[in-house]
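Okay, so here's the structure we're looking at.
The values are calculated or read from the model by the stated rules, or taken from the named source; none is laboratory data. All values reported here derive from a predicted model rather than from experimental measurement. Every residue, glycine as well, gets a Cβ built from its backbone with ideal geometry; the counts of neighbours run over all protein chains shown. Each accessible area value is taken on the protein alone, full model and side chains, heavy atoms only, with ligands, DNA and RNA left out. Shrake-Rupley method; radii C 1.70, N 1.55, O 1.52, S 1.80 Å.
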Amino acid sequence: MRTLHTAPLLRLTHDDEPPPGRPVPGDDDAPSDRAPSDRATSGDDAPSGRSVPVSGGPPDQPVPGDGGLLPGWAVLVDGARIEAIGPVEELTQAYPMVRMRRWPGTLGPALVHDGPLPPAASPRERVHALLQSGVGALLAAHLTDPAVRAAAARNDVAVLDAVRPPALAVGGRADLAVFADDGRCLATVVAGRLVHRRA
C-alpha cells in the first residue's frame, strides 16, 4: 500500500538539476531561522560515533536544493522504495487513494550511525535505541556481533561499508526520519516500514 509522508521537507545539497517541470521553492519561501542538527552533518566530515543522514539506493532523482526546507512537499512510499517526491498537492492528485501521514516535524532521510551501538540489555534493544533516534543504517564495521547483526537484519536496517551522502531518491530505499524543532526524533521509517513513532 502506498503511503504519502508529508512535513516540511529537508532540502539537501546536490549538484543535480531539479527534475524537468519540478519547481523548487526559493530560499525566501522556506524558514531560514532553523539551525541544522549536529546529527545532520554529512559525508566524510562526520565525526565517529555520530549519525548522519543517508538513504540507500541510487540517487536517480534526488531532492534538489541548497539546504533549508521545502514546505508543502512530500515523499510517496510504495513498499520498501520511494516512488515519488514532490509537492503534496501534485502527489495527492496523482494518487487520490493514497494513505496520508502528516508529521509535525521536519522530514528527511534517515540517519546512518557511524559509531558503536549504544549499550543495552539485548541486541534487539541496542538496535531499537538507534531506531528511536532516527537511524536507518549502520556501518558494517560496528556489527561484528552476530546477534546484533541479526537484530539489525530483522528490523531491515541497512548495513553500509561506508557513510553515503544524504539523499532522498526516487527508486531508493524508503529510509526516512522526522525530527521536532528540539531535535527529538518523532518517527523513523526503515525500508518503507514505520519502526518508531513517538507518542
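Highest mean first, the peptides 98-104, 75-81 sorted by other C-beta atoms within 10 Å per residue fall in the order 75-81, 98-104.
Each label was represented as a point 7 Å from its Cα along the Cα-to-Cβ direction; for M1 and R184 these points are 2.7 nm apart. Sparse packing (at most 14 other Cβ atoms within 10 Å of the Cβ) combined with a DSSP loop state is found for the following trypsin sites (Lys or Arg not before Pro) in the range 129-196: R184. Under 5 Å between amide hydrogens, built in the peptide plane, is the criterion, and for M100 it picks out L4 among residues at least 5 positions away or on other chains. Remark on A84: its backbone amide H falls under 5 Å from those of L76, a criterion applied only to residues 5 or more positions apart or on other chains, H modelled at 1.01 Å from N. When E83, E89 are compared by accessible area at a 1.4 angstrom probe, the order from most to least is E89, E83. The slack between R197 and E90, meaning 0.36 nm per residue of separation minus the straight C-alpha distance, is 35.9 nm. Evaluating 6.51 cos²θ - 1.76 cosθ + 1.60 at θ = phi - 60° for every residue in the range 133-141, the Karplus couplings come out as 9, x, 7, x, 8, 10, 8, 4, 4 Hz, glycine and proline recorded as x. Note on the range 94-199: Kirkwood hydrodynamic radius from all Cα pairs is 14.3 Å, rounded to one decimal.
Between the amide H of V170 and those of D60, Q61, distances stay under 5 Å, these residues lying 5 or more places away or on another chain, with hydrogens modeled in the peptide plane.
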